[in-house]
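Enquirer: Got a structure for you, questions after.
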Amino acid sequence: MHLGFLGLGNMGAPMARNLLKAGHQLTVYDLSTAALDALRAEGAEVAASPTAVAASGAEVIITMLPAAAQVKTVYLGEDGLIARARPGTLLIDSSTIDPLSARAVASAAAERGLELLDAPVSGGTGGAAAGTLTFMVGGSEAGFQRAQPLLAAMGRNLVHCGASGNGQVAKVANNLLLGISMVGVAEAMALGTRLGMDAKTLAGVINTSSGRCWSSEVNNPYPDVLPQAPASRGYQGGFAAELMLKDLGLATEAARAVRQPVILGAVAQQLYQRFSRAGGGGLDFSAIIQDYLDEDGA
C-alpha cells in the first residue's frame, strides 16, 4: 500500500521502518531533516509538509506526534490532513493525547466523510524497533479491520477498545496505573533496603509474592537488581520521567472533565512534577526512586 507517516521521533521512526520492511510505499514528513534523511536512505519518499503527504495519494496516513496541540494543528484547518486527504483515506493517530481531543478530531474527520482511528501504543522504543507494540484502537469495527494488517507490521497485540477516543482512554488508564505502581515499588524497595535487606533478595520476594507487578519485575527501579533495566545503566533509555508526567497530566485532566477522583494519580503526578523540575525529566521514570535514596544509594 501507499502510506503516509508524519512524526519520525524515537517511536515514529522505527514504526515507519517496519512498514517499509513489510513492503509498503511510504511518504514521510517530520520537522527534523536528519530524521527525514535517514528514512529517505531506507527507501521512503520525503514530503515537504503535511499537506504534501495528503496530496501524495497515500491510502492511509499515520501520525505519531508529541501532544494534542500538534495533532490538532496537523489534522484541522484549511491545510490540515482532514481537509486535504483524498476521499476514502484512512487516518490513524498513534499519538498519546487526551480522549476528548481525540474524539473532537475524529468527529471533524467524520464530517468530511473520513475515518480517524485513535491508536496509541505501549511497548516503548524497544517494542517499536522490534515490531512488538501493543495498539489500543478507538473507532469503528470496520476501520479497525482495515487498519489491522498495517498495525500488525508494527505491533503484536492489537486491541479494539471501542468507539473513537477509547484507545486513548485505555492508554491513559494504563499509564496512570503504571506511574502509581512505579512510585509504590520505589517506596517499597527503598524501605526494605533501608531496613537492611539485600535489594535483589527483596525484589525476588516481591516478584514471587502479591506485590509483583511490571514495575517490580521488568523495570525495577533499584540499581543493579535487573541487568536489563534502565536503573542498571544510570536510568538512561526507557520511558522518560517527563513523558510519564505528561501522561499523568492527561489522566488527571480527563478525570477532572468527568468528575472522577484519581487521588493516587494526582499524588504521583506531583511527585513526577517535582522530580522533573529538579532536573530528572530526561531519565527513565523509574529514577523516581532517587527521591527516596541517599546519594550513595542507601
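The values are calculated or read from the model by the stated rules, or taken from the named source; none is laboratory data. None of these values were measured; they are calculated from a predicted model. Heads up, the Cβs are rebuilt from the backbone with ideal geometry, glycines too, and the neighbour counts pull from every protein chain shown.
Enquirer: Residues that are surrounded by 16 or more Cβ atoms within 10 Å (Cβ to Cβ), not in a helix (DSSP H, G or I) and not assigned by TED's automatic domain parsing to the domain that holds VAL262: does region 141-148 have at least one?
Expert: no
Enquirer: Got a sec? Which of LEU195, LEU177 is modelled with pLDDT of 95 or more, of a type outside the set (Val, Ile, Thr), assigned by TED's automatic domain parsing to the domain that holds SER286 and farther than 25 Å from GLY9 by Cβ?
Expert: Of LEU195, LEU177, the one residue that is modelled with pLDDT of 95 or more, of a type outside the set (Val, Ile, Thr), assigned by TED's automatic domain parsing to the domain that holds SER286 and farther than 25 Å from GLY9 by Cβ is LEU195.
Enquirer: Now for a different question. Where residues in region 218-240 are assigned to a loop (DSSP other than H, G, I, E, B) and surrounded by fewer than 19 Cβ atoms within 10 Å (Cβ to Cβ), which of them is farthest from the chain's Cα centre (by Cα)?
Expert: ASP224
Enquirer: Take GLN269 and tell me if it is assigned to a helix (DSSP H, G or I) and of a type in the set (S, T, N, Q).
Expert: Criteria met by GLN269.
Enquirer: Would you please name the residue that is farthest from the chain's Cα centre (by Cα), looking only at residues in region 34-75 that are hydroxyl-bearing (Ser, Thr, Tyr) and surrounded by 18 or more Cβ atoms within 10 Å (Cβ to Cβ)?
Expert: Taking the candidates together, the pick is SER56.
Enquirer: Kindly list the number of the only condition in (1) in contact (Cβ under 8 Å) with a residue 12 or more places away in the chain; (2) loosely packed, with under 12 Cβ neighbours inside 10 Å that fails for SER210.
Expert: The single condition SER210 does not satisfy is (1).
Enquirer: Follow-up. Looking only at region 73-114, filter to residues that are out of contact with any strand residue (DSSP E or B) (no Cβ under 6 Å at 6 or more places or on another chain) and acidic (Asp, Glu); which one of those is farthest from LEU8 (Cα to Cα)?
Expert: GLU111
Enquirer: Moving on. Give me the pairs, please: first residue somewhere in region 1-30 and modelled with pLDDT of 95 or more, second residue anywhere and among the small types (Gly, Ala, Ser) and assigned to a strand (DSSP E or B), beta-carbon distance under 8 Å, and either six or more positions apart or on two chains.
Expert: LEU26/GLY4; THR27/GLY4; VAL28/GLY4; TYR29/GLY4
Enquirer: Among the residues of region 76-88 satisfying the criterion of being more than 25 Å from the chain's Cα centre (by Cα) and assigned to a helix (DSSP H, G or I), which is surrounded by the most Cβ atoms within 10 Å (Cβ to Cβ)?
Expert: ARG84
Enquirer: Let me ask you something else. Hey, can you tell me all the residues within region 23-55 that are among the aliphatic types (A, V, I, L, M) and not in a loop (DSSP other than H, G, I, E, B)?
Expert: LEU26, VAL28, ALA34, ALA35, LEU36, ALA38, LEU39, ALA41, VAL46, ALA52, VAL53, ALA54
Enquirer: To continue, here is another question. Which members of region 64-109 meet the condition of being of a type in the set (Asp, Glu) and in contact (Cβ under 8 Å) with a residue 24 or more places away in the chain?
Expert: Within region 64-109, ASP79, ASP93, ASP98 qualify.
Enquirer: From the residues in region 149-177 that are over 13 Å from the mean Cα position of the chain (by Cα) and assigned to a helix (DSSP H, G or I), which one is nearest to LEU19 (Cα to Cα)?
Expert: If we take residues in region 149-177 being over 13 Å from the mean Cα position of the chain (by Cα) and assigned to a helix (DSSP H, G or I), then LEU150 is nearest to LEU19 (Cα to Cα).
Enquirer: Now a separate question. Examine region 162-182 for a residue that is surrounded by 15 or more Cβ atoms within 10 Å (Cβ to Cβ) and over 23 Å from ILE97 (Cβ atoms), and state whether such a residue exists.
Expert: no
Enquirer: Here's a follow-up. Exactly one of (1) small (Gly, Ala, Ser); (2) buried (at least 17 other Cβ atoms within 10 Å of the Cβ); (3) not in a loop (DSSP other than H, G, I, E, B) is unmet by ALA278. Its number?
Expert: (2)
Enquirer: While we're on this one: Please go through region 181-217 and pick out each residue that is assigned to a loop (DSSP other than H, G, I, E, B) and either of a type in the set (Asp, Glu) or under 22 Å from LEU264 (Cα atoms) (or both).
Expert: ASP198, SER210, GLY211, ARG212, CYS213
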